[in-house]
1. Once you keep just the Cα pairs under 8 angstrom separated by 6 or more residues, what percentage relative contact order results for the chain?
2. Using r as the Cβ-Cβ distance of residue 97 and residue 9, and R0 as 22 Å, what FRET efficiency do you calculate, to the nearest 0.05?
3. Order of 95, 13 from fewest to most other C-beta atoms within 10 Å?
4. Under the Karplus relation 6.51 cos²θ - 1.76 cosθ + 1.60, θ = phi - 60°, what is the ordered set of whole-Hz ³J(HN,Hα) values for the stretch 36-50, x standing for Gly and Pro?
Amino acid sequence: MIVDKPWGKVTTYALNQPSSVRIIAVEPAHETSEHYHRLRDEMWVVLDEGLTVQIGNRTVEARPGDEFVVAAEEPHRIVNRGDRRGRVLEVAHGYTTEDDTFRLQDDYGRPLEAGW
């Protein structure tokens, strides 16, 4: 399943409960919304150069092969500062649907959700 986003796309390879596998592709000069999930944890493996990962109040210039864990309710985003599409492999554990995405900040005019 492929879902187009204003910043790129999400390709889901396995959508199961309790875990799902996706590739998150962020186009150059774009970023995901700052958001969190209440019902799932995520594990990310960075696949490409040029990505900045924000998890909570920590920001990292990520390199291919870097791994990150995003706990449920922890705000996070991916920023592509490179000149090519940047990809992250995501393995999510828990309830993996769009209705568990709560945006805190969004550059694309999509609705924000109330925080905690």
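1. Working: 298 pairs, mean separation 37.7, N = 116.
This gives 32 percent for the chain.
2. The value I calculate is 0.85.
3. 13, 95
4. Calculated HN-Hα couplings, in order: 8, 10, 8, 10, 8, 9, 10, 10, 10, 10, 6, 9, 10, 6, x Hz.
Readers should treat all values here as calculations from the given coordinates under stated rules, not as data from a laboratory. Remember, predicted model here, so these are calculated numbers, not experimental data. Using ideal geometry, Cβ is built from the backbone for each residue, glycine included, and neighbour counts are taken over all protein chains shown.
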